[in-house]
Every structure is written in C-alpha cells, then in structure tokens.
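For reference, the structure is listed below as structure tokens.
The values are calculated or read from the model by the stated rules, or taken from the named source; none is laboratory data. In this text, all values refer to a predicted model and were calculated from it rather than measured experimentally. We place every Cβ from the backbone using ideal geometry, glycine too, and count neighbours over all the protein chains shown.
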Amino acid sequence: MSAHASHAPNRSGLWDWLTTVDHKKIGILYLIAGGIFFLAGGLEAILIRLQLIYPELSIVGARTFNELITMHGTTMIFLAAMPVIFALMNAVVPLQIGARDVAFPFVNALGFWLFFFGGVLLNTSWFLGGAPDAGWTSYATLSLNQYSHSGVDFYVLGLQIAGLGTLIGGINFLVTIINMRAPGMTFMRMPIFTWASFITSGLILFAFPAITVGLVLLMFDRLFGGNFFNPDAGGNVIIWEHLFWIFGHPEVYILILPTFGIISEVVATFSKKRLFGYSSMVFATALIGFLGFMVWAHHMFTTGLGAVANTLFGLATMLIAVPTGIKIFNWLLTMWGGQIRFTTANLFAVGFIPTFTIGGMTGIMLAIPPADYQYHDTYFVVAHFHYVIVGGMVFGLFSGLYYWWPKMFGKMMNETIGKWNFWLFFIGFHLTFFPQHFLGLMGMPRRVYTYLAGQGLETGNFISSIGVIGMTLGTILFIVNAFVAAKGPKAAADPWDGRTLEWAIPSPPPEYNFAQTPLVRGLDALWVEKMAGNKGMTPAEPLGSIHMPSPSILPFLMSVGLFVAGYGFMYHVYPVVILGIGFTFGCMVARSLKDDPGYHIEPEEIEGKGVKA
Amino acid sequence: MATHHAHAVLPDEPEKATLEGKNKILGFWLFLGGETVLFGSLFATFIALRDQANGGPTSQQLFDMPLVAAATLILLTSSMASVMAVLALHKKNLKQLQAWMTVTVILGLAFLALEIYEFVHYTSMGHTISASAFGSAFYTLVGFHGGHVAFGICWILSLQLQTVKKGLTVVTAPKFYVACLYWHFIDVVWVFIFTVVYLMGMIGGKVG
C-alpha cells in the first residue's frame, strides 16, 4: 500500500493507551486492569473471611455473603487471573519467538477492551440492584429468575462480552506462534512459556464456546422466556452443569499451564541450567491440555450420572497426575546441581512447587468418586482449589511478574521488598487455606454465611481469617514495590543472565522489538550465542525499513457498543440493544472498508545497530 | 515492466501472497474450530431436549419435508456458487468472482426467506421459544444458524461493494477467501441441522 504513510503517528497520554495496538502496551493494560479486578476480588475475600472469623456473626448478612462469594470467584477467575496471564503472554510471547508483533494487533486490542468492558459491566451490578448471588458456577435452577436476583443478568452478559475478548485473544496467540516465529525458531526450540501459551490458547479456543452457549441459554431463560433449565416445561438443569464444566475444567488448565511455563523459565534461569527434560515438558503440557477436556464430569460426581461415568471420569482425572508429576520432577532435577539464586522470582517459583503438589494430592483425593461424596461442597474443596489456584497460579504469576518486570517496564523491582512480599504472602496463604482442609473434613459446608459455635470449627476459621492479613500485606507490598521500582534503577537488557530471546533486546523493548529479526540456532537461543562467545544474536536480515500497524480507536468503540447493548438486554430496552450492536457492526464495517496502510520506521530512526546481548 | 505496476500484477493464489493473508486464513480456520464447539454444544442441547414438547406440537407434527428440502437444496447450491467464486479468484477474474458472489448472496437470501416463513408458520401453530424446552432448543439452534447466514450475506455484500472501488488485490483477496470458508462452514452446519433436527425429528419416535 502507500509507502508514503511512513511516519509514526503522534502519540500522547490517554489517547495513546486507548488506541494502542502494540502488544507490549496491551500487556501493560491487561496487567493494570487485571490488577484492579484482583484488588476488588481480594476485598471481597477479606469480607468473606471477616464474616467467618467467629461463629454466628452477621457482619455482612446472608444475601451479601452470597453476592460476595459469587463475585469473588467470578472476578478472580475471569477478571483477575486470566487478564494477568494475558498480560504476561502479550509482554513475553512475541519477544520469545523473535517476532515484531502479534499476528492480529487490532484483534489483540479488541480482545483487551472486550474483557475490560465485560468486567466493568459485571461489577456495575453492585450499584444496580445487587451483584449476582448464584455462585460463580451459577447452577440452574438457582440462577433462574424465580430463585435469584437481577445480578445474575450482569453475570450472564458481563461474562459473555469478556469471554468473547478471551476467545479472540486465544486465536491471536495461536496464529502468532504458528506463523510469526523467527527463522530457526522451530517448534521444539520454542521457550517453554511460549509452548504453554500455545497450548493454553488452544484450550481457550475449544473451551470458551461451550460457556458462550451456556450463557446464551441462561440468558434466553432469564430474559426471553426460554425453558432450557425449567423442569416444568421439559427443561433439564443438568445441561447447564455439563456446558459449564466442559468449559470450566479446561479453564483450570488455561490458568495453570502458563504458570507451569513461567515456573519452568524462572527455575531454569536461576539455576543457570538448561530446563531438565525439555521435550518431556512439552509432551506433558500437551497431554495435560488434552486430558483437561476429558474430565469435566468429576465436578458432577454427586449429580447422579451413574457408577460407570463416575468411574471413567475419576480414572481420567487421576491420569492427569502422571504428566503433572513429570513436571514436578523436571523442576526439581533442573535445580539439582544448579547454581541457584534465590531472587524473589525464584522464591515464588520454589514456593510454588510444594504448595502446588499439596493441591495436586488433594485433587487425587477428590478424584475418587466415593470419597468425593464426603468432600463434596465442603471446605475441603475450597482448600483444594485455592491450593492450586492461589498456591499454584498466583505464586506463579508473582514469580513471572518479578521475573519479567524489568523487561515490561525497564525498571528493576526492589528485592528486599520482594522478599517481604513473598514471605508474607506465602505464610499468610498457608495459614488461611491449610486449616480449611480440616474444616471440610469436619463437615463445614462451603457457601454458607456462618456456622454454629461448639462444633469444633472455631479455631480453624479463626486461623484462616488471620492468614488473610499476610496475603493482604504481601499484595500491598507488591503495589508498593511497583511504585518503588518506577523510581528505582533502570533495568539492563539482560538483568538475570537470561537464556531466551526476550533478554537479547533492550528493556523495555523498542516498539518494533527487534531491529533485525534474529537467527535462532538452538533451544535457549540467547544462551546458545552466549556459549558460542557471541556478543548478541546473529541477525537473519539486513537492517531495513520496518512496517508497523496504525493505532486505532475502533477496538475501544466496538467494546463500548456491546457494553451499551448489554444494558439494553438487561432492562429490555430494545432500541438500546439495536443501537449498541449496530454501532459495533458499524465499526466492523469501517474497519473492513478502510485499509490500514500502517507506517514505516526507517533504519536511521532505529537506535543502535543489530541486536545486542 | 511488472515493477512499474506492482499492484496490477496479482501473484498466484493472491489470498496467501502476504503474511497478513496467511495469518487471516489460519486464524479463520481456528475460529471455525471454535464455532464447531459452539454448534456442537447447541446440537447436544437440542438432542437432549427435542422430545420435550410440553404438550405443544411435536417435531413430527410440525416439520414439512418439501419446505426443508427446498431450503437445503438452495443452501447447498449457494455453497457451490461460492466454490465457483474461489475458482474465479484463483483465475484473478474479478467479474466472474463478483457474479458468483452475487449468486451466493441471492441464494442465501432465498434460504433466509424460507426460514423466516417457516418460523412464522410454526409460531402460528403454537411452537414458540417459550412454549416448551423443545421450542427453546429448536429456535436457538436453527436461529443461530440463520443468524450466521444473515451475517454472512451482509459480510459478502460489504466485500463486493468495497471491491468495486479497490479491485482485486492482495488485501481484498484473503477477505473473499475467508468469507467463502465461512459460507461453507454454515452450509456444513445446515447439513447437520437437516439430519439431526429435521430427518431425525420426522422419522424418529422417542430416543432413549
């Protein structure tokens, strides 16, 4: 197209962030938005534990408690965990494969804004008649009009919009990793975090449409008089459970696989060793992804699917322990004989391994159907999934954030504050959730707003609530550290003596990432060059003009359109629905009609020559 | 010289000539993978609920073979027209491409008209989305497909219009190619709807 549109558009302040299609900035947007939702979800958790600190309290009351548990779960999974994963995927994956950008920069921005406005829509429920209160799983018939408040409408539409954003984000990363790798970056030379992101994106692609359908059915039942889940008119409530968990179980692996990738990178870098068993790691990741689709009914053992179904789903679930065990041993053997540095990133990674293993062990216990009849709907389950999601994923995300913070922001985080952050969070976490195993075994049901005195539940609940203080302080220290880092020392290109391509370019990377696309000559591409005595990567192309995509406000506007239409649906104001969706379609047409010529960055504008180590 | 009119000389398989084009086609195949799960979930829901007529008209009483057969024939033919359009694209013949896309759109509109007639007819017989679980499942599955057809028609029309001005380039070629992939996909979904909803609904008694 017209080669004359060669100068970078003027960029400043808010407008730049609203229109950016740069994966590094979108990564930061995901981190900030996900971080804010994480704080909201954390606040909800504090209130839950406050309500349960002593028996028979009524600090928040039963209805608010239901809203709090629903919003805590929904927010943490969809609006905090997934976006922070997308933040790291955006910040790191294109750099690790030696790409200048993702395959669809525009779609990438659209994915972010859809997630953001979906999340905002969901959270406005607090001010518009009450939050959803049917649990994060929103089982029918509890979630139907007769039994729950209007908050569930916000759940349905908010998650629908946010889920759309996640789905297109997943497609974007799949295509990026398949088509945009630098010369020499074969699949079996890809860093393990990129592998994990690749498989996670595949899971997103095949899991999210199931919840899309589930939410559509629930929306029809709630808003348009449908009868999918209404037994009086021939409906069947089990359909929701199946659709939710056909999505919901792969979702668990969508959360944990990238974390496995982070841990693998961090442990290898800070052991100064190549990752032990790289190919078995890839194999194990793929196998977990595959098996993740085969086990959804273990969430439904007590539904009454019958002994055969329960047995098969129980066995399939236990099978997942095999590839997961491979990973645990690979991490241990990577550290074995390594020169281990206990930076904050590595502390979180090392803390992750035993904590996640405990969560895995209780997972095996839950996979035994007859035993599950005892654990079902008790605090044992709550303890289990917090061990894998907080002790697993959140530890991993902290590890990844400390590890890649210098690359994302060009600043070093303070290690002393970091270590306080780790120890407070680590001890607080175990204090909160370890006693919950026993509370569950003693029969304390989850999702109930209080408990009676004199049943032996007081001590466990008290310790559990006290532990929250540690996690809260740890999280506050992380935020403090972010501000300290902003004024702290500038990060070098390669502060950790890294092994992979992202450490071959300046921190933060220039907008074109690589002045010259690098030539990859082996696994741990940068380490290969370091060992060969080279100063940096060998370029695969001469220095030349770099084509960049133009920024666009359309992704933001398209998401606003759906956001507005969401309210139209909920309040049955159809002109607003037509206006909102019509506006979104109008933006799509505008995008299609107007070709994006992009702009070029000329060689003289590129700082430095070649790719430095 | 070819260098002089770089845009006039279109490479072979212009839809795959640029990285953007290749990305678009791969991304779209993946999207269709997600769509498969979407329709799979809707089919599963329909199969679970298709006998729950709640005292209203059953599928055996409702469905009318000639109408559905006509709709099927029309949609399959439109899919063939879109194949001809891709062949024209590979011959770099914009005129033929536009002609075959127009045939596709007209047949798509005819299909939609039949579907709307069918829905209105059923509604008058008491088969509505809120009458029974069968009604909810039927209108959601078949309606989702119909919505896809309507979206496809608007999409192809907008491509046809912009190509009048832009001509066939390495930018517009992948758009047509991807739209045709989409059209095939909704055609394949219809084959399953024809089988699972209509054929099984007409001959079948209760299953299980």
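Go through segment A:219-249 and count every residue that is in a helix (DSSP H, G or I), within 16 Å of B:A131 (Cα to Cα) and either small (G, A, S) or in contact (Cβ under 8 Å) with a residue 40 or more places away in the chain (or both). Adding up the residues that qualify gives 5. Filtered by the rule that a residue be surrounded by 13 or more Cβ atoms within 10 Å (Cβ to Cβ), polar (S, T, N, Q) and at pLDDT below 90, segment A:1-36 gives a lone residue, A:S6.
Regarding B:G205, is this residue away from chain A (no Cβ under 14 Å), out of contact with any Ser or Thr (no Cβ under 7 Å at 6 or more places or on another chain) and modelled with pLDDT under 95? Considered against the rule, which asks whether it is away from chain A (no Cβ under 14 Å), out of contact with any Ser or Thr (no Cβ under 7 Å at 6 or more places or on another chain) and modelled with pLDDT under 95, B:G205 comes out as yes. Would you mind stating whether B:I25 is surrounded by fewer than 19 Cβ atoms within 10 Å (Cβ to Cβ) and either at the interface with chain A (Cβ under 10 Å from one of its Cβ atoms) or in contact with a Lys or Arg (Cβ under 7 Å, 6 or more places away or on another chain) (or both)? In short, yes.
The set of residues in segment B:40-87 being within 14 Å of chain A (Cβ to nearest Cβ) and crowded, with 20+ Cβ neighbours inside 10 Å consists of B:S41, B:L42, B:T45, B:F46, B:L49, B:R50, B:Q52, B:A53. Given the condition within 14 Å of another protein chain (Cβ to nearest Cβ), surrounded by 21 or more Cβ atoms within 10 Å (Cβ to Cβ) and within 20 Å of A:A87 (Cβ to Cβ), answer yes or no: does some residue in segment A:145-165 qualify? Scanning segment A:145-165 turns up at least one residue that is within 14 Å of another protein chain (Cβ to nearest Cβ), surrounded by 21 or more Cβ atoms within 10 Å (Cβ to Cβ) and within 20 Å of A:A87 (Cβ to Cβ). Being touching a Lys or Arg at 6+ places or on another chain (Cβ under 6 Å) and of a type outside the set (A, V, I, L, M) is the filter here, so list the residues in segment A:379-401 that pass it. Result: A:Y379, single match.
Evaluating A:V175 against the criteria (1) within 21 Å of the chain's Cα centre (by Cα); (2) more than 8 Å from every other protein chain (Cβ to nearest Cβ); (3) within 26 Å of A:L287 (Cβ to Cβ) leaves one unmet condition, (2). Restricting attention to segment A:444-476, the residues that are polar (S, T, N, Q) and either outside any helix (DSSP H, G or I) or without any contact (Cβ under 8 Å) to a residue 60 or more places away in the chain (or both) total 3. Residues considered: A:G214, A:G202. Of these, the only one that is free of Cβ contacts under 8 Å to residues at least 40 places away in the same chain and within 11 Å of chain B (Cβ to nearest Cβ) is A:G214. Within the set A:T538, A:T500, A:T517, the sole residue that is under 17 Å from A:V266 (Cα atoms) and of a type in the set (S, T, N, Q) turns out to be A:T500. Name the single residue, out of those in segment A:580-601 being more than 20 Å from A:V156 (Cα to Cα), out of contact with any strand residue (DSSP E or B) (no Cβ under 8 Å at 6 or more places or on another chain) and away from chain B (no Cβ under 12 Å), that is surrounded by the fewest Cβ atoms within 10 Å (Cβ to Cβ). Taking the candidates together, the pick is A:F583. Being within 20 Å of the chain's Cα centre (by Cα) and touching a residue at least 12 places away in the same chain (Cβ under 8 Å) holds for only one residue in A:F260, A:F283, and it is A:F260. Within segment A:509-535, the only residue that satisfies the criterion of being small (G, A, S), surrounded by fewer than 18 Cβ atoms within 10 Å (Cβ to Cβ) and under 28 Å from A:W405 (Cβ atoms) is A:G522. For segment A:73-91, indicate whether the set of residues that are assigned by TED's automatic domain parsing to the domain that holds A:F208, farther than 25 Å from A:A162 by Cα, surrounded by fewer than 24 Cβ atoms within 10 Å (Cβ to Cβ) and touching a residue at least 24 places away in the same chain (Cβ under 8 Å) is non-empty. No, that holds for no residue.
Take segment A:286-329 and flag every residue that is within 22 Å of A:P354 (Cα to Cα) and among the aromatic types (F, W, Y). Answer for segment A:286-329, where residues must be within 22 Å of A:P354 (Cα to Cα) and among the aromatic types (F, W, Y): just A:F329.
A residue that is outside any helix (DSSP H, G or I), crowded, with 16+ Cβ neighbours inside 10 Å, among the aliphatic types (A, V, I, L, M) and touching a Pro at 6+ places or on another chain (Cβ under 7 Å) can be found somewhere in segment A:537-544. Of all residues in segment A:221-237, which are at the interface with chain B (Cβ under 7 Å from one of its Cβ atoms) and surrounded by fewer than 21 Cβ atoms within 10 Å (Cβ to Cβ)? Matches in segment A:221-237: A:F224, A:G225, A:N236.
Within segment A:538-554, is even one residue under 29 Å from the mean Cα position of the chain (by Cα), closer than 30 Å to A:D153 by Cα and touching a residue at least 24 places away in the same chain (Cβ under 8 Å)? The answer is yes, given that some residue of segment A:538-554 is under 29 Å from the mean Cα position of the chain (by Cα), closer than 30 Å to A:D153 by Cα and touching a residue at least 24 places away in the same chain (Cβ under 8 Å).
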